[in-house]
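Data block below; observations after.
A short reminder: the numbers here are calculations on the coordinates, not readings from a lab. Just so you know, these numbers come straight off a predicted model, no measurement behind them. No Cβ is skipped: glycine too gets one built from the backbone with ideal geometry, and neighbour counts run over all protein chains shown.
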Amino acid sequence: MKVNLTHQKRLFVIYFFVSILFILLVARLFQFQILDRDKIKVAADDQISRKINISAERGPITDRNGAVLAYTLKSHNVIIDKKTLIANKEAVDEVELANRIAQQYPAVSADEILEKLYASDSDEVVVIEGLPLEYVRPVQSLEDAYLSVKSVNLRIYPNQTLASHTLGITSVDGVGLSGLEYMYNLDLSGTDGFIETRTDELGRRLPYADAVEGPVINGYTIETTLDLTIQHFVEEAIEKAYVDTQALRVTAVVQHAQTGELLAIASVPDFNPNSPREPIYESQIEAMENRAEDVSEAVIYQSFWKNPANEFVYEPGSTFKIFTGAVGLEEGTIHLNDTYTCNGVYYVTKQPKACWYTRGHGVQTLTEAFENSCNVAFMQIIEQVGKEKFYEYMKAFKLDQKSDIELNGEARPQIVGEEKAVPVDLASMSYGHALALTPIQMMKIITVVSSDGKLIQPSIIKRVLDDEGNVIKEFEPKIEGQVLSSKTAQQVLDMLTSVVVNGSGKRASVPGYNIAGKTGTSIKNINGSYEDSTIVLSSFAAIVPSDDPLFNLLVVVDEPKTKDIHGSTVAAPIARDIIEDILRYYEMEPKNKIGTETFAAPDFIGMDVKSAKELAESTNVELVEILDENETEFDPDAIITKQYPLGGTLIGKEIKIYISIDSSK
């Protein structure tokens, strides 16, 4: 009995443990098949599924006429997953794999593939770069788990250095780093797609396996306001100027005179966005070689990529007199026939402020003050305007804020705060010192004059289109306000025309065309000091043609090392070369055929207005009356006291001659 009882106990224990194990097994099966079914299915799918990403094509950037400035070239690389290959070395023969690849693409031998495979320490090894499109499918057909063909988007800039600062660059991953590539990265990038399907343990697609596809949405096209031809003219001119003047930098901006659209932005030294880390100019090479130990190469490269027209401010010098004179006229504190006496120096709260022409210009009208670029006259003008009104107009012109141009890194204007500004600051500001603007911000002032007094926001983007040409966004010119009357704008335009005909801007004149312009020469502020008068910024601003403005131009030469460093000598000829090219490009016929049918201008000084008009009509010359604020036309019996061009100057037919009278008599 005892034996049987012991036997039963043993059976009971065995049955008990078997039952427990059975219950655990059932519970586990319940968990796997019911509770964790979805989770396990996903894990299994992950092991036998393969997802292939398809990269979207980055959209192109074009000029206003559709010329391509940047585009993406799709290239293909053959990659071997070396990490997985090593982990499964017993199951896979890399030599056999290399032979199979070489059979599909004979241009590369199996030995070359193996050499790259063995030499690399990376988990994924590129064994073939730039696989031609016709070989992509044959290589993909190998359907090997250790082999993949990846598309690589190469960003191409077909015009090399042209507009490089504006276009910017992308990273190796196709992400915009600067310029338009950065500002419009999301629009340009598009959305990647994918194909997901099931494979066997070797990564080969299973027969009849379903595939899930995510559509590729290619990047948008960015159509800029730039004109490739004008950009070429500008870069050719400033490249030559950079060499001739041995300057630190030369920058030029061309803008549509009525819409504010930027037609060209250029600066030298520049770079090639196809190889942005390869210095082109000697100054760039020296910057790399002489950099401080704590300065990385990346910092130097980034300095090459900065856009001087947008990211650097400068003191505009006498080109800013356009603003000072316009404010005085608009406020009625000065008039065209007012006179200003320059003895070479002017005292502001007992502090002497010298004119650039230390001998003095003597007695001069407002027009002559523009022609002579007389600092003393404009210091007197700003005193008449007063600090409050002067700052009021700076705010109206939005010179105290960024222009919001569609480019990254725009520098903020540097202007002394109104509450801190003392009379000496105002005097300096009157002729473009003690304040700093970017060239594009300075263009806002010029465009106000060319557009009948309207403040227009500068723009560089015209349209955004999808890859089928449908317009996604369209950018219209943005008029931000009427800051000058059309009368004032015309008066300033006429005086700037006189600057080119009779004054400091003569070297910018183009025979047969009326051009308005203003020279500028500003001593650079070096460590808070203006003591070295040989270190300057030379500039020239132009409105072309002045009788029907079509485009504006600003040229800035940073630290020219020529014998004469003034804007009239350095920058004006550069502007002339650009203007001539653009006029030919626009096929604009000269209105004043100077040089083909020239004659001496009549001398109207001392004549009454009625007689002068009769003589002008008989000689096919147009008289323009420089009127005071309250005048609508001259009294026919009034005597003419001034004219420009002066009598005896060689002119062409249909040219304008500006006359004025002494309204005080």
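In percent, how large is the relative contact order of the chain, given Cα pairs closer than 8 Å and 6 or more residues apart? Mind dumping the intermediate values first?
On the way: 1353 pairs, mean separation 78.1, N = 665.
With pairs under 8 Å counted, the relative contact order is 12 percent.
Projected label points at E589 and E392, each 7 Å from Cα along the beta carbon direction, are separated by 4.7 nanometres. Can you bin segment 466-558 into rounded, prolate or oblate? Criterion: square roots of the alpha carbon gyration tensor eigenvalues sorted a ≥ b ≥ c, rounded for a/c under 1.5, prolate for a/b above b/c, oblate for the rest. It comes out oblate by the Cα gyration axes.
If each residue of separation counts as 0.36 nm, what is the full-extension length gain between N620 and L248 once their alpha-carbon separation is subtracted?
129.2 nm
In a fully extended conformation the segment linking D467 and S529 would gain 16.9 nm over its present Cα-Cα distance, using 0.36 nm per residue.
Pairs from the table (K321/K506; K402/K487; K444/K524; K321/K487; K83/K150) lying more than 20 angstrom apart at Cα are K402/K487; K444/K524.
Qualifying trypsin sites (Lys or Arg not before Pro) in segment 270-318, where qualification requires a DSSP coil assignment and no more than 15 other C-beta atoms within 10 Å, comprise R277, R291. Helical runs (DSSP H, four residues minimum) scored at -39500 (n - 2.57) apiece and divided by the length of the chain put the mean residue ellipticity at 222 nm at -10500 deg cm²/dmol.
Were the residues from L154 through V295 laid out at 0.36 nm apart, the gain over their Cα-Cα distance would be 47.8 nm. A Förster radius of 35 Å, combined with the Cβ-Cβ distance separating E480 from K240, puts the computed FRET efficiency at roughly 0.45. The three principal axes of the Cα atoms in the chain give end-to-end lengths of 152, 60, 49 Å, sorted in falling order.
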